[in-house]
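Input: a single structure, listed below in C-alpha cells.
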Amino acid sequence: MSKKLLLKDAHIEGIRYFETYRKQGGYTAAEKALKMTPEEVLEEVKASGLRGRGGAGFPTGMKWSFLAKPEGVPRHLVVNADESEPGTFKDRYLMEFLPHLLIEGMLISSYCLGSNVSYIYIRGEYSWIPDILEEAIEEAKAAGFLGKNILGTGFDCEIYVQRGGGAYICGEETALLESLEGKRGNPRLKPPFPAVKGLWERPTVVNNVESIAAIVPIIDITGAEYAKIGVGRSTGTKLISACGNINKPGVYEIDMTITVEEFIYSDEYCGGIKDGKRLKACIPGGSSVPIVPANLLLKTVNGEPRYMNYESLADGGFATGTMMGSGGFIVLDEDQCVVEHTMTLARFYNHESCGQCTPCREGTGWMYKILKKIENGEGKIEDIDLLWDIQRKIEGNTICPLGDAAAWPVAAAIRHFRDEFEWHVKNPELCKTQNYGLAHY
Ligand code: SF4
C-alpha cells in the first residue's frame with residue numbers, strides 16, 4: 001500500500017474546517033517553519049527533491065531559488081488552481097476536501113519566498129470551491145495563522161482567491177498572470193521569466209496546488225525523509241486522478257514505486273477495466289501527453305515493468321514513452337476509437353488556442369478538420385501524412401506549450417495507431433458503425 005502524506009486525513013469528517021484540521025496536527029508544520037529562517041525552509045524543500053506537480057515536473061526548490069530579490073520590490077506567490085487539463089481533477093479534490101492543507105502550504109511557502117500577498121487563481125468552472133477556500137482563509141486568519149504579525153514572528157501574509165473565466169490557456173503561468181492583472185489571458189514571451197518579472201512586473205513564483213500542499217509534509221517530516229519515499233528523482237507521493245473505462249475512477253495518492261499494471265488492476269486503485277474488457281491504451285498524465293498502447297504501457301522498451309513515476313513513464317522518450325504530466329490518468333478499453341479520441345482532443349485544443357501564434361491558431365484547426373474527415377470515413381491516406389506534417393510544424397514553434405500539447409497527442413496516435421487511421425480510410429462505411437478494437441495486436 002502506498003504511503004499517504006496528502007490524503008491521510010481526507011476521510012475524516014469535518015477535516016475541511018480549521019478546528020478538525022488543527023486537531024489532526026494541522027498548522028504544526030507552519031509553526032515549525034516560522035521558527036526556521038526562510039533559507040532553512042528553502043533547504044528543506046530542495047532536499048525533498050519535490051518536482052512541480054502541475055505537469056512540467058521542474059524541481060520546486062530550484063524554482064524558488066531563482067526568485068529575484070531586488071531591494072524594496074514586493075514578491076508574490078501565486079498558486080495555479082486553473083486545473084483545466086482534460087482528465088485531471090486532483091487539485092479540485094485537495095481544495096474541496098483539504099483546503100487548510102493548501103492554506104498551510106501557502107503560509108510556509110509565502111514565508112520562505114517573502115510574499116506578503118499571495119494568490120490562488122482558480123478556474124471558473126470550479127464555481128463552488130472559492131467559497132470553501134475563502135472560509136478556510138477566514139478561519140486561519142481568526143486563529144492567527146494569516147494576517148499581520150503571524151504567531152508574533154513579525155511576518156505578515158494575506159491570501160486572496162481570484163476566479164478565472166474558464167479559459168484553458170490561463171493554466172499557462174504567464175497567461176495566468178495576465179489574467180490575474182485583469183487583462184486577456186494571453187501567454188507572454190519568455191524571458192523575462194516570472195521569477196524576475198511576474199505579477200505586475202514583480203518577482204513571482206507560480207506553483208501548482210499539489211506542489212504547495214506537499215510543502216506541509218516536507219516541513220513536517222523533513223526534506224530528507226520525504227526524499228526517501230519514492231524512487232530516484234521521483235520522490236515523495238503523487239496524486240493521480242484516474243478516469244475512463246475503469247471500475248474505480250477517483251483520486252489516488254501513490255508513492256511512485258508501484259507499477260502501471262498494479263495501478264490499473266489492483267482493487268486499491270482503479271480496480272481493473274470496466275465490464276471485464278481488455279486494455280487498449282492509456283494517457284497517464286493528462287490529455288497533453290502522448291497516448292501509449294497497452295503493450296508499451298505495461299512494460300518499458302527494455303522489457304522492464306513500467307512504473308508510475310517520472311522516469312519510467314518517459315522511458316523511450318517521445319518515441320515510445322510518455323510523461324507523468326499532471327497525473328490525469330485516462331484509460332481506454334478495447335472498444336474505444338483512437339481516431340475519435342484524438343479528434344475530440346484536437347477540437348479542444350483548437351477551441352482553447354488563444355490565437356497569438358499562427359502555427360497554433362491555424363494548425364490546431366487544420367488538425368481538427370482532417371481528423372474529423374478521417375473519423376467520418378471521408379479521409380484519404382495522404383491525410384494521415386498531412387496530419388503528421390502539421391503537428392511537426394506546430395511543435396516547438398509557438399509562444400507557449402499549448403502548441404506542443406496539441407501536437408503530441410496527434411503524433412503519438414499516428415505513431416502507435418497508424419493502422420487504425422488507415423482502417424478508417426479504407427473502410428469508410430464500416431468505420432461509422434464499428435470500431436477497430438484491438439485488431440492490431
Ligand atoms: Fe496562444 Fe497557442 Fe500561441 Fe500558446 S501556442 S500563445 S495558446 S496561439
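Quick look at the numbers
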| quantity | calculated |
| --- | --- |
| Largest-first principal axis extents of the Cα set of segment 162-259 (Å) | 42, 38, 22 |
| Point-charge dipole on Cβ atoms (K/R +1, D/E -1) for segment 23-159, about Cα centre, debye to 20 | 420 |
| Gyration tensor verdict on segment 70-154 (Cα atoms; rounded if a/c is under 1.5, prolate if a/b is larger than b/c, oblate otherwise) | oblate |
| Computed over the chain: relative contact order in percent, which uses C-alpha pairs under 8 Å that are six or more apart | 16 |
| Listed peptides 216-228, 42-54 by packing density, highest first (mean Cβ within 10 Å) | 42-54, 216-228 |
| Farthest positive-ward along segment 300-402 dipole, Cα basis, beta-carbon charges - from ILE399, PRO305, ILE384 | ILE399 |
| Histogram of C-alpha separations across the chain, 20 Å bin width, % | 26, 55, 18, 1 |
| FRET E, pair LYS4, LYS380, Förster distance 60 Å, beta-carbon r, rounded to 0.05 | 0.70 |
| Segment 222-256 residues near the modelled LYS274 label - backbone nitrogen below 17 Å, point 7 Å along Cα→Cβ | 241-251 |
| Exceeding the 18 Å Cα-Cα cut-off - candidates LYS69/LYS148; LYS3/LYS280; LYS4/LYS238; LYS46/LYS228; LYS90/LYS228 | LYS69/LYS148; LYS3/LYS280; LYS90/LYS228 |
| Added length on full extension, which subtracts the Cα-Cα distance from 0.36 nm per residue, GLN162 to LYS372 | 71.9 nm |
| Under 5 Å, built H, 5+ apart or other chain: amide partners of GLN162 | ILE120, TYR121, ILE122 |
| Crossing angle, helix 402-426 versus the chain [Cα axis fit, 0-90 degrees, rounded to tens] | 20 |
| Karplus 3J(HN,Hα) series, Hz, for segment 314-321 with 6.51 cos²θ - 1.76 cosθ + 1.60 (x for Gly, Pro) | 8, 4, x, x, 6, 5, 10, x |
| Computed magnitude of the charge dipole of the chain (debye, nearest 20; Cβ of K, R +1, Cβ of D, E -1) | 560 |
| Label-to-label distance, nm, for residues given as VAL196 and ASP335 (7 Å Cα→Cβ offset) | 5.4 |
| Modelled FRET efficiency - R0 25 Å, ARG361 with ASP389, Cβ distances, 0.05 increments | 0.90 |
| Peptide ranges 305-314, 346-355, 375-384 listed from the most packed, as the mean C-beta count within 10 angstrom indicates | 305-314, 346-355, 375-384 |
| Between 0 and 90°, nearest 10: helix 209-221 axis offset from the chain longest Cα axis | 50 |
| Whole-Hz couplings from phi, Karplus 6.51/-1.76/1.60, listed for segment 50-60; x for Gly and Pro | 3, 10, x, 8, x, x, 6, x, 6, x, 5 |
| Separation of the ALA143 and GLU304 label points, Cα + 7 Å toward Cβ, nm | 4.3 |
| Virtual spin-label span in nm between LYS228 and THR20, 7 Å along Cα→Cβ | 3.2 |
| For segment 407-432 and segment 46-105, distance of Cα centres in Å | 38 |
| Using alpha-carbon coordinates, inclination of helix 99-113 to the longest axis of the chain, degrees | 70 |
| Global geometry of segment 1-48, whether rounded, prolate or oblate, following the gyration tensor of its Cα atoms and the 1.5 cut on a/c | oblate |
| Most positive-pole-ward Cα, HIS416, GLY124, CYS270, against dipole of the chain from beta carbon charges | HIS416 |
| Helix-only mean residue ellipticity at 222 nm for the chain, each DSSP H run of n ≥ 4 adding -39500 (n - 2.57), per residue, nearest 500 | -12500 deg cm²/dmol |
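Each reported figure results from applying straightforward, stated rules to the coordinates on display, with no laboratory input. These figures come from a predicted structure and were not determined experimentally. Because the Cβ atoms are built from the backbone with ideal geometry, glycine has one as well, and the counts that use them run over all protein chains shown.
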